[in-house]
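The values are calculated or read from the model by the stated rules, or taken from the named source; none is laboratory data. Predicted model, so just to flag it, every value in this text is computed and none were measured. Please note: Cβ atoms are built from the backbone with ideal geometry, for glycine as well, and neighbour counts cover all protein chains shown. Side chains included, ligands, DNA and RNA excluded: accessible areas come from the protein's heavy atoms. Shrake-Rupley method; radii C 1.70, N 1.55, O 1.52, S 1.80 Å.
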Amino acid sequence: MTEESLWYPNVRIDPSRPLYEQFCEQMRADIARGALQLGARLPSVRDLAAWLRVNPNTVMRTYQELERGKLLVTHRGQGTFVTDDARIVEESKRDIARQAVAELRARAASIGLTTEQLWLLGQGEG
Amino acid sequence: MNAVQRQDAIAVHCRNVSMKIRKKTILHDVDLTIESGRIVGLLGPNGAGKSTLLKMISGLTKPVSGEIRIFGQPAGVGTLDRVAFLPDRGKLPGWLTGAEWLQFAASIYPDWNRERARYLVEALKVNLDTRISSQSRGEEARLQLLTCLAREAPLILLDEPFAGVDLLSREKIASSVVADLADGHRTLLMATHDIREMEPLFDQVVFIHEGWASGPESVEILRQSGRSVETRYKEVFA
């Protein structure tokens, strides 16, 4: 049996955004930075919902969403685990970074900076 | 799907429910459908009619007109065994200790689940040894909640379970409610003022204002449109 994970997310809830999205983001980030390790066992839906004091459907949806992206796997009767495939985690990290870059670009564009100007800023030359 | 299953899929059905006390109308033609397995918040200011509505759903009071069905059966004496009700300002007998009360409760409720009661004593850190009259408001509130949740009744009605209850007790109560409802077999309707704290618990919310009810509305759909339960509450009651 895999060792019991002591991981519980630390989320400040924004009540005007879907909660499962916020939990997905937090879990992706925790997996990317290694706070949740490859193969780690996750709390049951019931335990995590009680811990977070949120609707159990929210936690179920979070797990389902991350299972779809292959970051989590559920073994029937055993529970839900982080994938043990490092490539999937690596790809997820890139997705997080890509999204951050896209947001940065959009932000820069909204104040009239071109991608080149942004790039120069990133090099410390802008 | 047969007729029995269809009835069971609806925990509470109110149709044209009105209530008057003396000449004052407390509820106007309330139409409300609560699906089984949901956790639903009943939200509204003081005097909106929340307690009256819950009392009628519990079967303890009859509406002056309209119809209330609990799992397909008319609300009343015949549905008492399917409803666990935590009334607002309910009092437990102060001369009993927590343990004595639980022993009594186990003897009067046929659906009392001893194992669950034991688990809840731990989870809610219930004070068993002190007379109820000497317990704090938070301790008594936790004991009252235990009395509701230790039953197997499929419908749980909580009227302001957090009133006058300290933060740690509120958190313990909320966690226990979530854990208890997680398997989706029970339905919860909860009147509360603690919107900000409780909104992550709800699937749906019902707003009630001066006796008029609207909803249920899905909380996730509200959030998808960038609104919280609290901002929606302010829209409805502005």
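Excluding B:Ile195 itself, what net charge comes from residues whose Cβ is under 11 Å from its Cβ, given Lys and Arg +1 and Asp and Glu -1?
-1
What does the charge count around A:Leu113 come to, taking other residues whose C-beta lies under 11 Å from its C-beta (Lys +1, Arg +1, Asp -1, Glu -1)?
Combined, the nearby Lys, Arg, Asp and Glu give +1.
Evaluate Rg over Rh across the stretch B:1-156, taking Cα atoms for both radii and Kirkwood's formula for Rh.
Ratio value, two decimals: 1.01.
Rounded to the nearest whole Å³, what is the per residue volume of the convex hull around the Cα atoms of the stretch B:99-238?
In the stretch B:99-238, the Cα convex hull volume per residue is 129 Å³.
What does DSSP give for the stretch B:61-214 in terms of the percent of beta bridges that are antiparallel, rounded to the nearest 5?
So the antiparallel bridges in the stretch B:61-214 amount to around 45 percent.
In degrees, nearest 10, range 0 to 90: what is the angle between the Cα axis of helix B:137-149 and the longest Cα principal axis of chain B?
Taking Cα atoms only, the helix is inclined about 70 degrees.
Keeping all protein chains in place, calculate the accessible area per residue for the stretch B:3-237 (probe 1.4 angstrom), answer in Å².
46
Just counting partner chain Cβ atoms within 10 Å, what average do the residues of peptide A:43-56 show around their Cβ?
6
Who wins for biggest fluctuation among A:Gly69, A:Gly39, A:Gly77 in a Gaussian network model of chain A, springs between alpha carbons below 10 Å?
A:Gly77
Mind listing which trypsin sites (Lys or Arg not before Pro) in the stretch A:4-43 are in a DSSP loop and have 15 or fewer other Cβ atoms within 10 Å?
Here the sparse-neighbourhood loop sites are A:Arg12, A:Arg33.
Report the B-A buried area as the accessible area lost on both sides summed, probe 1.4 Å, in Å² to the nearest 100.
It comes to approximately 1600 Å² buried between B and A.
Taking just the alpha carbons, could you work out the radius of gyration and Dmax for the protein assembly as shown, both in angstroms?
When restricted to Cα atoms, the protein assembly as shown yields Rg and Dmax of 23.9, 79 Å.
How high is the relative contact order of the stretch B:101-238, in percent, with contacts defined as C-alpha pairs under 8 Å that are six or more residues apart?
Here the relative contact order equals 18 percent.
Counting only other chains, and only Cβ atoms inside 10 Å, what mean value do you get across the residues of A:14-21?
Average neighbour count from other chains, rounded to a whole number: 6.
Tilt of helix B:114-123 relative to the longest C-alpha principal axis of chain B, in degrees (0 to 90, nearest 10)?
Between the helix axis and the principal axis of chain B, the angle is about 90 degrees.
Return the carbon/sulfur percentage of the accessible area of the protein assembly as shown, one whole number, probe 1.4 Å, all protein chains in place.
In the protein assembly as shown, the share of accessible area belonging to carbon and sulfur is 51 percent.
Using Cα atoms only, what is the angle between the long axis of helix B:167-181 and the major principal axis of chain B, expressed in degrees (0 to 90) to the nearest 10?
For B:167-181 against chain B, the angle is about 70 degrees.
If you filter the stretch B:182-222 for GluC sites (Glu not before Pro), then keep DSSP loop positions with at most 16 other Cβ within 10 Å, what is left?
Here the GluC sites (Glu not before Pro) that fit, given the DSSP loop and packing criteria, are B:Glu210.
Count, for each residue of B:220-228, the Cβ atoms from other chains sitting within 10 Å of its Cβ, then give me the mean as a whole number.
4
Could you identify which residue out of B:Leu158, B:Leu143, B:Leu80 has the top mean-square fluctuation in a GNM of chain B using Cα springs shorter than 10 Å?
Of B:Leu158, B:Leu143, B:Leu80, the most mobile in the Gaussian network model is B:Leu80.
Do any of B:Lys50/B:Lys91; B:Lys24/B:Lys172; B:Lys50/B:Lys125; B:Lys24/B:Lys62 go past 27 Å between their Cα atoms, and which?
B:Lys24/B:Lys172; B:Lys50/B:Lys125
Along the stretch B:86-102, what does the Karplus equation 6.51 cos²θ - 1.76 cosθ + 1.60 (θ = phi - 60°) give for ³J(HN,Hα), rounded to whole Hz, x for Gly and Pro?
9, x, 5, 6, x, 10, 8, x, x, 7, 8, 7, x, 5, 5, 4, 5
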